[in-house]
Amino acid sequence: MELNTQLKSLADKINQLKDKIETEESTKHAFVLPFINILGYDTFNPTEVVPEFTADLGLKKGEKVDYAIFQDGSPILIIECKSWKEKLTIHNSQLFRYFHVTKTRFALLTNGITYQFFTDLDEKNKMDEKPFLEFDITNLKDNVISEIVKFHKSNFDVNKIVNNASLLKYTTEIKKQIDN
């Protein structure tokens with residue numbers, strides 16, 4: 001099944017189940033893990049997807065990000081999840097801390113419906129304040145699907161994604177200025 005069809009199928013599932021999902025943990029299992037699988041990563045392989053990945057910062061020990069996706073023994077994407085009922089804007093400071101102490105270039109903050117992808121375009125190893133890609137999985141556009149494809153295991157290329165993230169970031173800002 002191609003990525004487009006899989007994402008639309010997950011969106012349908014989310015619309016059917018969301019009112020029955022009460023917790024963050026249920027959100028992870030019903031919405032986020034299927035998304036990670038759609039990206040081609042084996043959520044049952046601990047060398048590929050690490051749940052509760054340790055991201056200790058200084059004296060603060062025991063800090064854990066919900067998931068880290070690994071490639072060739074290194075984390076390539078950290079994922080912080082919240083309940084589908086929560087707005088994400090109040091949680092990016094937590095992900096900001098995790099990003100700083102890991103060796104990844106990409107971070108994802110999600111409630112299983114809204115997905116926000118971050119990188120470090122403004123300052124190396126410091127997560128940008130604004131996501132370079134944000135979407136609602138229940139309302140996907142073709143141009144967004146073409147961006148999601150870049151995170152698929154078979155396509156993942158750090159440099160290509162970072163270069164594209166820069167283009168997306170500035171294009172989004174220009175569109176906002178024009179709208180205003």
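The values are calculated or read from the model by the stated rules, or taken from the named source; none is laboratory data. Computed from a prediction, not measured in an experiment: that's the story for all the values here. Cβ atoms come from the backbone with ideal geometry, glycine included; neighbour counts cover every protein chain shown. Accessible surface areas use protein heavy atoms only, side chains included; no ligands, DNA or RNA. Shrake-Rupley method; radii C 1.70, N 1.55, O 1.52, S 1.80 Å.
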S83 fails exactly one of the following numbered conditions: (1) farther than 14 Å from D136 by Cα; (2) touching a strand residue (DSSP E or B) at 6+ places or on another chain (Cβ under 7 Å). What is the number of that condition? (2)
The one condition N45 fails out of (1) open to solvent by 50 Å² or more (accessible area, probe 1.4 Å); (2) outside any helix (DSSP H, G or I) is (1)
Taking the stretch 49-66 and keeping residues buried (at least 17 other Cβ atoms within 10 Å of the Cβ), more than 16 Å from H29 (Cα to Cα) and modelled with pLDDT of 80 or more leaves F53
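Every residue, every condition in (1) at pLDDT 95 or above; (2) of a type outside the set (G, A, S); (3) not in a helix (DSSP H, G or I), yes or no:
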site	(1), (2), (3)
T5	no, yes, no
E25	no, yes, no
V32	yes, yes, no
A68	no, no, yes
Report yes if N15 is in contact with a helix residue (DSSP H, G or I) (Cβ under 9 Å, 6 or more places away or on another chain), closer than 17 Å to H152 by Cβ and either open to solvent by 40 Å² or more (accessible area, probe 1.4 Å) or part of a helix (DSSP H, G or I) (or both), otherwise no. no
From (1) surrounded by fewer than 18 Cβ atoms within 10 Å (Cβ to Cβ); (2) at pLDDT below 85, pick out the condition that doesn't hold for A165. (1)
Failed item, numbered, when F106 is tested on (1) buried (at least 21 other Cβ atoms within 10 Å of the Cβ); (2) touching a helix residue (DSSP H, G or I) at 6+ places or on another chain (Cβ under 6 Å); (3) closer than 16 Å to L39 by Cα: (2)
Among residues of the stretch 78-101, those that are surrounded by 20 or more Cβ atoms within 10 Å (Cβ to Cβ) and more than 17 Å from F135 (Cα to Cα), counted: 4
Residue satisfying condition, being open to solvent by 20 Å² or more (accessible area, probe 1.4 Å), among the basic types (K, R) and touching a residue at least 40 places away in the same chain (Cβ under 8 Å), within set K153, K126: K153
